[in-house]
Every structure is written in C-alpha cells, then in structure tokens.
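Every number in this text was worked out from the coordinates using simple rules, so none of it is lab data. Fair warning: this is a prediction, and the values are worked out from it, not measured in the lab. Please note: Cβ atoms are built from the backbone with ideal geometry, for glycine as well, and neighbour counts cover all protein chains shown.
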Amino acid sequence: MEAIRPEAEVPLVGCPRTMADLGMTPIFLKDHLLRTFYFEPVQTGFDLAKKTCIPLSIVDRLINELRNDSLLEVRGGAGERKMSFKVTLTEKGRARGAELVSVSSYAGAVPVPLEDYRRVVQAQSMLNAPVNRQDLDDAFTHLVLSEDLLSQLGPAVNSGQSIFLYGPPGNGKTTIAEAIACISGEGIMIPYALEVDGQIIKVYDPVNHTRLDSDEEDIEEIGGPDRRWVRCARPAMVAGGELTLGMLDLAFDRLSGYYEAPLQMKANGGVLVIDDFGRQSVSPRELLNRWIIPLEKRMDFFPLHTGKIFEAPFDVLIIFATNLEPADLVDEAFLRRIQYSLFVGNPTPDQYVLIFRSICEGHGIQVADEDIAYLMDQVYGPMGRQMRGCHPRDIVNHVIDICKYNGQQPHIDRELLDQACASYFIQGI
C-alpha cells in the first residue's frame with residue numbers, strides 16, 4: 001500500500017478546482033467578472049484567468065453563465081486554443097457593469113474569504129518557527145552586537161510578544177528590528193485581497209511586500225498553489241514619526257468603494273517596527289490603548305462602513321524602538337504588556353574597531369590599526385564624545401565622498417579622517 005503523505009506536505013493554499021473552493025458565491029464571482037469587463041470591454045478567457053487569478057475551467061463556467069444571462073457575448077476568435085475567443089459585454093451587461101462599478105471599482109484578483117485568511121496566518125505564524133542561536137548569528141552577521149544583547153534577543157523573538165528597544169541614537173536599533181524578520185527565511189502566503197461581508201480589503205502591497213514567486217504561473221493547468229495568494233518574504237515594515245492612529249485602521253476609499261488594509265494587517269506573519277517611538281503625533285498612551293487587546297489576544301477588530309465589526313488575526317511582532325528616556329514615554333501598565341525591554345548601548349572600543357573594519361572591507365578599503373587608533377584618540381578622547389555604532393559607516397562615507405571629489409581612489413589616511421570628522425561632527429556634540 002502506498003504510504004500516506006504527511007499533512008505538512010499538503011499545500012497551504014491549494015489550487016481551487018470548483019467555484020465552491022473559491023469561497024465566494026456565484027453571484028459575487030459573476031459580478032466580479034462584469035466589473036473586470038467594464039474596464040476592458042473585450043477580453044479572452046486567458047485574459048480573465050490572469051487578471052482574476054482563478055483557473056480557466058472556472059472562468060469558462062462563469063462566462064457561459066453570464067452568456068446565458070445575456071450579459072456577455074462572443075465577439076470572435078483570437079486563436080485556436082480553448083478560451084482564446086474574444087468576449088465582450090452586451091448592452092445589458094454594460095448597464096449592469098456600470099451599476100456594479102458605482103459601488104466598487106475593484107477588479108483585480110478574486111479575494112479570499114476571511115476564514116481562509118485566518119487559517120493561513122495561524123499556520124505560518126512566526127510562533128511556529130522558533131529560532132536558535134545559529135539562526136540569530138546568521139541574521140545578525142552584518143552587525144556587531146554584544147553577547148548579552150544576542151542572548152536576550154533570541155528568547156524575545158521566540159516569545160512572539162512585542163519588544164521594546166531603547167538606548168542612545170545611532171546604535172542600530174532599527175537595523176536590529178528589521179533583521180529580526182529575516183531570521184525565519186521561508187516565504188509566507190499573502191492574499192491580494194480579502195472579502196468580508198461583501199466588502200473587499202486589499203492586503204498585498206508591492207511597496208511593503210517582497211514577492212518571491214512569479215506572476216507568470218501556468219493558468220491552464222489545475223494544480224499548484226492558489227494564485228490569489230502571493231508568496232512573499234516575511235514582512236519587515238517600518239513606521240516612524242509619520243505614524244497616525246488612522247494608519248492602524250481600515251482605509252475606505254469612497255471613490256473606489258474598497259478598503260486598504262492597515263499596517264499591522266499587512267505585516268501579519270512578520271515584523272512591524274515603530275521607529276522613533278514617542279516622536280509621533282499620536283501619544284504613546286493613545287497607541288497603547290489602540291493595541292491593548294491585540295497585544296494580549298493576538299486578535300484585532302475592525303469596523304466596516306456598513307456598521308459590521310469583524311475579527312482579524314494580529315500575528316505580528318511589534319518592535320518599539322526609541323532613543324528617548326523610557327521613563328518619559330511609558331508607565332508600568334505599558335511595560336507589562338511589552339514583555340521584553342532590551343537596552344541597545346554604545347559600542348565598546350573593541351566593537352567600534354570591528355565595525356570600522358567591517359565597513360571598510362565592504363567598500364574594498366584597506367585600513368591600518370594605527371589610523372583607527374588615531375581616529376578614536378582624536379575624536380572621542382579629548383572631546384569626551386560618545387562612540388556610536390553609526391559613526392564608522394558615516395565617517396567612511398565622508399572619506400569616500402572626499403576622495404571622489406579629489407579624483408582619488410577611496411582610501412584611509414589621517415588627513416582624510418580629519419576632513420571627514422570636521423564635516424560630520426557638530427562642534428561640542
């Protein structure tokens with residue numbers, strides 16, 4: 001007897017074979033095709049399958065039903081292959097299309113049901129992919145971090161709870177936060193859009209999501225993944241001083257008639273960094289009040305303009321990064337909900353040297369030990385200036401700019417270091 005495949009090998013979002021597999025009603029699907037035709041009146045079955053991300057067999061059936069309803073008609077052939085014939089709206093179909101577009105102009109990939117979204121988000125949660133020390137070393141290989149900080153970061157990431165990174169500016173808090181999303185390297189599935197109570201919410205965002213697959217999959221064959229989902233790297237999104245409470249709620253466009261997903265929904269399965277925490281127009285207390293329930297229950301709640309409120313997964317690692325004094329930002333109630341508070345301090349002299357050498361190697365520049373020692377003695381010793389993790393990168397960049405201006409190959413010497421520091425550091429700071 002043939003061995004049964006383990007459940008882990010079953011595709012998370014297998015290709016739909018019937019209209020029922022799509023999770024949408026036949027009426028919804030036919031209306032969706034009519035909207036697509038309204039914006040481009042003459043199309044083939046291949047065109048529709050590509051735009052709606054559903055199999056040809058289902059498109060074929062929907063076209064036949066719309067023809068039986070006198071909403072579509074065949075205009076002529078465009079080739080010998082099945083579904084290559086041209087189809088267009090009838091007068092009745094144009095009237096129905098105009099009516100549908102006046103309510104919603106969404107005409108992209110067929111959305112997925114909310115229940116399917118909940119299931120997939122839970123299945124690919126970062127909590128299901130715990131990290132070990134080797135994973136951490138690989139993710140932070142480009143950074144110089146203390147052993148103490150690394151030993152704290154691992155458990156914090158595995159907890160799935162929010163993390164508070166604080167400390168002086170310029171020491172890599174944002175870079176650390178962004179690198180955390182890369183620890184679990186496998187891709188996750190993100191839907192183009194969701195359907196909730198007849199409303200459409202766009203989720204996939206090419207600006208914030210890094211696509212790993214191609215949009216040229218074979219649309220003729222049954223098999224493979226559901227093309228309504230996009231395989232992407234785990235999200236690593238950053239919101240800084242521009243963050244407002246409105247960005248954490250559904251954004252309804254009354255002209256288009258559909259919603260844009262909020263930041264935390266787009267970041268599900270990954271990391272959302274609240275950078276420069278405390279410098280937003282929204283106060284830390286207001287931000288916490290918005291997320292009290294999601295941080296504890298891992299569920300978020302969103303109201304639709306119709307009055308319906310629905311529950312969506314909140315499977316995102318929130319990282320708050322700030323260089324302000326924690327005591328001036330948060331109280332005990334806040335810290336109780338942010339389980340891990342990690343201090344990111346200034347580099348030690350030995351770490352500073354390692355960072356400087358790493359930056360130079362990245363630019364193919366040789367640097368002598370005595371030149372780094374000269375820099376540290378001149379810049380930090382007499383001035384009492386504190387070392388920052390960003391200083392080596394910025395100083396080397398200044399040196400490179402000076403060399404380019406002088407028509408020289410980038411190199412390090414004491415004269416160049418003096419010039420770079422004179423244009424980089426503000427006197428007395």
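Let me check I have the definition right: for the chain, take the eigenvalues of the Cα gyration tensor, multiply each by 5, take square roots. What are those semi-axes in whole Å, largest first? Can you show the working numbers first?
Details: eigenvalues 517, 128, 93 Å².
Rounded to whole Å, the semi-axes are 51, 25, 22.
Farthest towards the positive end of the charge dipole of the chain, among the residues Gln351, Gly97, Gln122, is the Cα of Gly97, using unit charges on the Cβ of Lys, Arg, Asp and Glu. Net charge dipole, the chain: roughly 1400 debye, given to the nearest 20, about the Cα centre with Cβ charges of +1 for Lys and Arg and -1 for Asp and Glu.
Computing Rg and the Kirkwood Rh from the Cα coordinates of segment 28-112 gives a ratio, Rg/Rh, of 0.93.
For segment 23-66, the Stokes-Einstein estimate of translational diffusion at 25 °C and a viscosity of 0.890 mPa s comes to 237 µm²/s, using the Kirkwood hydrodynamic radius over alpha-carbon pairs.
Nearest 5 percent is fine: what portion of the DSSP beta bridges confined to the chain is antiparallel? Could you put the intermediate results ahead of the total?
On the way: 25 of 45 bridges.
Around 55 percent of the beta bridges assigned by DSSP in the chain are antiparallel ones.
Under a Gaussian network description of the chain, with springs only between Cα atoms under 10 Å, the residue in Gly362, Gly14, Gly97 that fluctuates furthest is Gly362.
Take the Cα radius of gyration of segment 349-424 and divide it by 2.2 N^0.38 Å, with N its residue count; two decimals is plenty. Provide the component values of the computation, followed by the final result.
Numbers: Rg = 11.5 Å, N = 76, 2.2 N^0.38 = 11.4 Å.
Dividing the Cα radius of gyration by 2.2 N^0.38 Å gives 1.01.
Projecting the Cα atoms of Pro113, Tyr374, Gly257 onto the charge dipole of the chain, computed from C-beta unit charges around the Cα centre, puts Gly257 farthest toward the positive end.
When a/c reaches 1.5 or more, the comparison of a/b and b/c decides; with that in mind, is segment 224-364 rounded, prolate or oblate per its Cα gyration tensor? Kindly include the intermediate steps, with their values, before the conclusion.
Numbers: a/c = 2.30, a/b = 1.46, b/c = 1.58.
Taking the square roots of the gyration eigenvalues as a ≥ b ≥ c, segment 224-364 is oblate.
For the listed residue pairs Lys30/Lys51; Lys173/Lys404; Lys30/Lys202, the alpha carbons are over 22 angstrom apart in Lys173/Lys404. If both residues of a DSSP beta bridge must be in segment 214-343, then about 50% of such bridges are antiparallel.
Peptides 297-304, 232-239 ranked from most to least packed give 232-239, 297-304, packing being the mean of other C-beta atoms within 10 angstrom over each peptide's residues.
Taking segment 35-129, which GluC sites (Glu not before Pro) meet the DSSP loop condition and have no more than 13 other C-beta atoms within 10 Å?
Numbers: sites: Glu65, Glu73, Glu80, Glu91, Glu99, Glu115; in loops: Glu80.
When the GluC sites (Glu not before Pro) of segment 35-129 are filtered for loop state and at most 13 Cβ neighbours within 10 Å, Glu80 remain.
A simple count of charges around Lys30, restricted to other residues whose Cβ falls under 9 Å of its Cβ and scoring Lys, Arg +1 and Asp, Glu -1, yields -3. Other residues within the sphere of radius under 14 Å centred on the Cβ of Tyr117, judged by their own Cβ, net out at -3 (K and R +1, D and E -1).
Here the Gaussian network model covers the chain, with springs between Cα atoms less than 10 Å apart; of Asn132, Asn68, Asn158, Asn68 fluctuates the most. With a cut-off of 11 Å between beta carbons, the residues surrounding Gln419 carry a summed charge of -3, where Lys and Arg count +1 and Asp and Glu -1.
Can you give the charge dipole size of segment 19-107 about its Cα centre, rounded to the nearest 20 debye, using +1 on the beta carbon of Lys and Arg and -1 on the beta carbon of Asp and Glu? If you can, show how the numbers build up before the last one.
Numbers: 13 positive and 11 negative charges, 31 e Å.
Its charge dipole is roughly 140 debye.
Here the relative contact order of segment 349-424, from alpha carbon pairs under 8 Å that lie six or more residues apart, stands at 35 percent. Once the chain from Glu286 to Phe39 is taken as fully extended at 0.36 nm per residue, the excess over their C-alpha distance is 84.7 nm.
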